[in-house]
Amino acid sequence: MSSTALSFQADQETLQTLDQLASATGRDRQYHLQQALSRYLESEMRQIRDISDGIADAEAGNLTDIESVRAGWVKRADNSPD
């Protein structure tokens, strides 16, 4: 897979933390930035898919009434060890 250079601004504290991580793991900045970006994008895309799935369910009429939701939460709270 080909790659394209990407640049952005980071504050000094973030750079110091990144450098500490790189030093501790024996990996370079680029490796950690790629890992972080990949995980972030995966998480954000999962959230977008989940929202889209929820909207599709709602549009299809697959809804739960508020009283059922409330009863489930009350039951859960009643069974809580706290």
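Quick note: the coordinates plus some simple rules give every number you see, no bench work behind them. Here the structure is a predicted model, which means the values were calculated and not measured. Cβ sites come from the backbone with ideal geometry, for glycine too, and all protein chains shown count toward neighbours.
Helical runs (DSSP H, four residues minimum) scored at -39500 (n - 2.57) apiece and divided by the length of the chain put the mean residue ellipticity at 222 nm at -24000 deg cm²/dmol. Couplings 3J(HN,Hα) for segment 60-75, derived from phi with the Karplus relation 6.51 cos²θ - 1.76 cosθ + 1.60 (θ = phi - 60°), are 7, x, 7, 10, 10, 5, 5, 5, 5, 5, 4, 4, x, 5, 5, 4 Hz, where x marks Gly and Pro. Expressed in units of 2.2 N^0.38 Å, where N is the residue count, the Cα radius of gyration of the chain is 1.86.
Think of the chain as having a plus end and a minus end, set by charges on the Cβ of Lys, Arg, Asp and Glu; of Pro81, Leu15, Asn62, Leu15 sits farthest toward the positive end of this dipole. Per-residue Karplus couplings for segment 27-41, computed as 6.51 cos²θ - 1.76 cosθ + 1.60 with θ equal to phi - 60°, are listed in order as 10, 8, 3, 4, 4, 5, 5, 5, 4, 4, 5, 4, 5, 4, 4 Hz, Gly and Pro entered as x.
Relative to the Cα centre, what is the charge dipole magnitude of the chain, using +1 at the beta carbon of each Lys and Arg, -1 at the beta carbon of each Asp and Glu, and rounding to the nearest 20 debye?
The dipole magnitude comes to about 280 debye.
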